[in-house]
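Read the structure below first, then the notes.
The values are calculated or read from the model by the stated rules, or taken from the named source; none is laboratory data. No experiment lies behind these values; they were computed from the predicted model shown. All Cβ positions, even for glycine, are placed from backbone atoms using ideal geometry, and neighbour counts span all protein chains on display.
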Amino acid sequence: MWIGWLVIMEEFDLQSLLSSNEKLLIYLLQSYAETNDIAIFILGNEDHLRTGIFGDLSAKDELLKIDKTADLSKLSVNKFKYDLEYSDAPLKVTLLSQRVGKVCVAKDVDSKPGPKNLLIMQMLQKQVVYLRHAIESISKLIIENRGLDDFIIKYPAANDETIDDLSENEGKALQKIKTMSTSNSSIISAIEYIDDNLDKRLTLDKVSSKVYLSDYYFSKLFKRETGLSFSVYLNARKIQKAMILLKETEKNVNEISDLLGFTRLSYFSQTFKKYTGYAPTKYRTEDGN
C-alpha cells in the first residue's frame, strides 16, 4: 500500500489472535497437550515461538533457549538430537488466504529411531492435522466476530527495504544459485513453482500467494533464506535457462526471450548481459561459460 511516497506494509498479528477471546486458543492447546500427553507450540512465519511449549517435553528448556538466539526451522531435521518425535502443519487465515505460522506437536522418544518411533510419528501427524483444523476454525469465528482489521499491523517500510533490488550484484547471482540451499518448506515450494514456470511472467504477489504468505513477509523470508531478492533469483534462473537454450538449441534470441516470458527483446538482452557479461548472440558464439 502506498500513501504518497511512503510504503505502508501490513502483517497479520498472530500473537494477538492467540491471546484474543480470553486466550481461548491458548487454553485449547494447553488442554489438548495435557490430555494427549504431547507437547504443543505455535511458530510464526519466521519460525520463532508465538506461544509457550505446552505439555511435558524434556527438551523444553533447551528449545526455549535456542528460540531466543535462532529460529526453530530445522527442528524437523534435528528432532533426534533432542530425543523427540515431531510433526507440524501450516496455519492459514482463510479471510486472507495467507499462511501465518504453523502448529507443532512433539513427544519424548528413545534416542535411537525404531518401530515405536514410527508409530508415535504417525500419531503426531494425525493430531497436528486435527489441531490445525481446530485452530483455523476457531480463528475464523474470532476474526469474523472482531473484524480482520483488529489483527493487522501496519507500519512504514524502511528505506533500505524498498530499494533492496537496486543493491544486488546480478553478476554473482548465477554462481550463488548453484550452491544455494534452504530447509524452509515455504521457500522450497516457491522455488519449485518458479522453476516449473520460467516461461510465465511471474510476480512477487503471484508466487507469495502460492505459498500462502503476504508479499512483504515472503520477500523478506526469500532474501533471508536464499541470499537473493525474489526478482534477482527469478531473473537469474531465467538467464540460466537461456544460457542452456542458446548453447544446446537452434532457437533464435527472440524465440528464447518469448519462451522465458520477457516482454521485450531489448529487456531480455539487457538482463542477459547484466548477469553474464555477454550479449546473448555473443554468448552463443563465444566460450561464455
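For region 114-152, the tally of residues that are touching a residue at least 40 places away in the same chain (Cβ under 8 Å), among the charged types (D, E, K, R) and surrounded by fewer than 16 Cβ atoms within 10 Å (Cβ to Cβ) stands at 4.
Residues that are farther than 30 Å from L148 by Cβ and crowded, with 18+ Cβ neighbours inside 10 Å within region 67-100 comprise L75, K79, Y82, L84, E85, Y86, listed in sequence order. Just one of the listed residues (D83, D71) is of a type in the set (D, E, K, R), without any contact (Cβ under 8 Å) to a residue 60 or more places away in the chain and in contact with a Ser or Thr (Cβ under 7 Å, 6 or more places away or on another chain), and it is D83. Residues in region 192-218 that are under 15 Å from the mean Cα position of the chain (by Cα) and touching a residue at least 40 places away in the same chain (Cβ under 8 Å) were compared, and the one that is nearest to Q270 (Cα to Cα) is I194. Being charged (D, E, K, R), surrounded by 15 or more Cβ atoms within 10 Å (Cβ to Cβ) and on the phi > 0 side of the Ramachandran plot is the requirement here; does D47 meet it? Yes; evaluated as a whole, the condition is true for this residue.
Here region 1-44 is the region considered, the condition is being of a type in the set (F, W, Y) and at pLDDT 90 or above, and the residue that is surrounded by the most Cβ atoms within 10 Å (Cβ to Cβ) is F41. Does L234 satisfy being farther than 20 Å from M180 by Cβ, out of contact with any Pro (no Cβ under 6 Å at 6 or more places or on another chain), crowded, with 16+ Cβ neighbours inside 10 Å and at pLDDT 90 or above? Spelling it out, it is not the case that L234 is farther than 20 Å from M180 by Cβ, out of contact with any Pro (no Cβ under 6 Å at 6 or more places or on another chain), crowded, with 16+ Cβ neighbours inside 10 Å and at pLDDT 90 or above.
Scanning region 95-116 for residues that are at pLDDT below 95 and under 25 Å from the mean Cα position of the chain (by Cα) yields L95, L96, S97, Q98, R99, V100, G101, K102. Out of S266, S208, one residue alone is of a type in the set (S, T, Y) and under 30 Å from A89 (Cβ atoms). It is S208. Residue count for region 260-272 under the criterion of being assigned to a helix (DSSP H, G or I) and either in contact with a helix residue (DSSP H, G or I) (Cβ under 7 Å, 6 or more places away or on another chain) or at pLDDT 90 or above (or both): the result is 5.
So which of L57, L72, L119 is closer than 28 Å to S19 by Cα and more than 23 Å from the chain's Cα centre (by Cα)? Testing whether each residue is closer than 28 Å to S19 by Cα and more than 23 Å from the chain's Cα centre (by Cα) leaves just L57.
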